[in-house]
1. Which of the peptides 81-88, 261-268, 309-316 is most tightly packed, and how do the rest follow, going by the mean number of other Cβ atoms within 10 Å of each residue?
2. Please label the shape of the chain as rounded, prolate or oblate, based on the square roots a ≥ b ≥ c of the eigenvalues of the alpha-carbon gyration tensor (a/c under 1.5 means rounded; beyond that, a/b larger than b/c means prolate, else oblate).
3. Which of rounded, prolate, oblate describes the range 2-90, given a ≥ b ≥ c as roots of the alpha-carbon gyration tensor eigenvalues and a/c under 1.5 marking rounded, otherwise prolate only if a/b is larger than b/c?
4. Where both residues lie in the range 107-337, what percent of DSSP beta bridges are antiparallel, nearest 5?
5. Round to a whole angstrom and tell me the spacing of the C-alpha centers of the range 198-237 and the range 60-116.
6. Only Cα pairs under 8 Å and at least 6 apart count here; give the relative contact order of the range 2-90 as a rounded whole percent.
7. Sequence gap at least 6, Cα distance under 8 Å: using those rules, report the relative contact order of the range 130-192 to the nearest whole percent.
8. For the chain, list the cysteines whose Cβ sits under 4.7 Å from no other cysteine Cβ?
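The values are calculated or read from the model by the stated rules, or taken from the named source; none is laboratory data. Only a predicted model underlies this, so the values are computations on that prediction, with no experimental measurement involved. Note that we place each Cβ from the backbone using ideal geometry, even for glycine, and neighbour counts take in every protein chain shown. Remember, those area values only see protein heavy atoms, side chains included, never the ligands or the DNA or RNA. Shrake-Rupley method; radii C 1.70, N 1.55, O 1.52, S 1.80 Å.
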Amino acid sequence: MRDLLASLDGLRGRLPEIAQADAMHLQQLRTELLGRKAGALTAILKQLATLDPEVRRTVGAAANALKGELEAALDARVRALAEIAGDEAAHDLTMPGRTAWRGGLHVLTQVVDEVCDIFREVGFTRAVGPEAETERNNFFALNFPVDHPALDAQESFYLGDDVLLRTHTSPVQIRTLETHPPPVRVVIPGQVYRRDTFDPSHSPVFEQIEGLAVDEGITFVDFKATLAYFARRFFGPRTRVRFSPSFFPFTEPSADMAASCSVCDGRGCPTCKQTGWLEILGSGMVHPAVLENCGVDAERYTGFAFGMGAQRLAMVRHGIPDIRLFFESDVRFLRQFAGRGR
Ligand code: PHE
């Protein structure tokens, strides 16, 4: 009896081999172990009849259990092999490979960097400020009257009594002048927030690029020449600029600058709404009250400031028709600009 049980154990030792077998080997194993004529286990089972009842019961039970185990292992391996074969059939190895996507800077980041680079070449450094601002920095230090409509909760996103999401990047003028005595030349990109609803040209959050230059002897000529220079660098050397009177509480005089349309060269097209001009930025000479609010001597120092919409610049540059495209992260849009950034 001991011999029989030992040979059953020997057969059980073949289980790992079954789990590894290929299809052909599996067929051989099935015959070798369970084959009706010469199977090793079959041979043992055949001997059972010759044993006395006591021994037959013990060995019989063990042999039947092992038979079940071997059958299950063989079947499991058959299924596993079928699955592997199916997977391979599903992979067409002759199909051309997909090339990996190249990442790139967001089109807006590319435009902001380009603007900042143009100004850096003429002495402006890049500065930033927080998106949550005090009413003082966002409005009052910039000479807004207390009843200005922008202070209304209908227009702006208030976070608390005195704190709001900045409605423009101009509060960074205040932060800069309070911490850095003139001469100052900075460009300040950043997100700003207004209670506008989304449409093709409006978004409740968008990006501005602010500029500020304060020094002794800065004149209106420096102001116009610097911005005209920027327009020609950004839109091309043939670009003409037009300044028209405007109003901002923190500049005096104030001016809006338009550039001749870079798409139609001023002849009139959908991008410039047939006017030949693109309104690009608001600007002006820094109001003396702003300088004084920051502790800068307005008798000694003068300066100019400007603010422009980064999405608008990118839309003109690339013919992008809808501001919402900047926020949707649709790869079909984004990929058109990938790989162009530095
Ligand atoms: N802050 C102004 C706006 O958001 C733009 C501006 C900036 C105008 C600097 C003049 C000087 O509309």
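1. Taking the mean over residues of other Cβ atoms within 10 Å, the ranking is 309-316, 261-268, 81-88.
2. prolate
3. prolate
4. 95
5. Rounded to whole Å, the Cα centres lie 54 Å apart.
6. Reported as a whole number, the value is 37 percent.
7. Relative contact order here is 41 percent.
8. Cys116, Cys294
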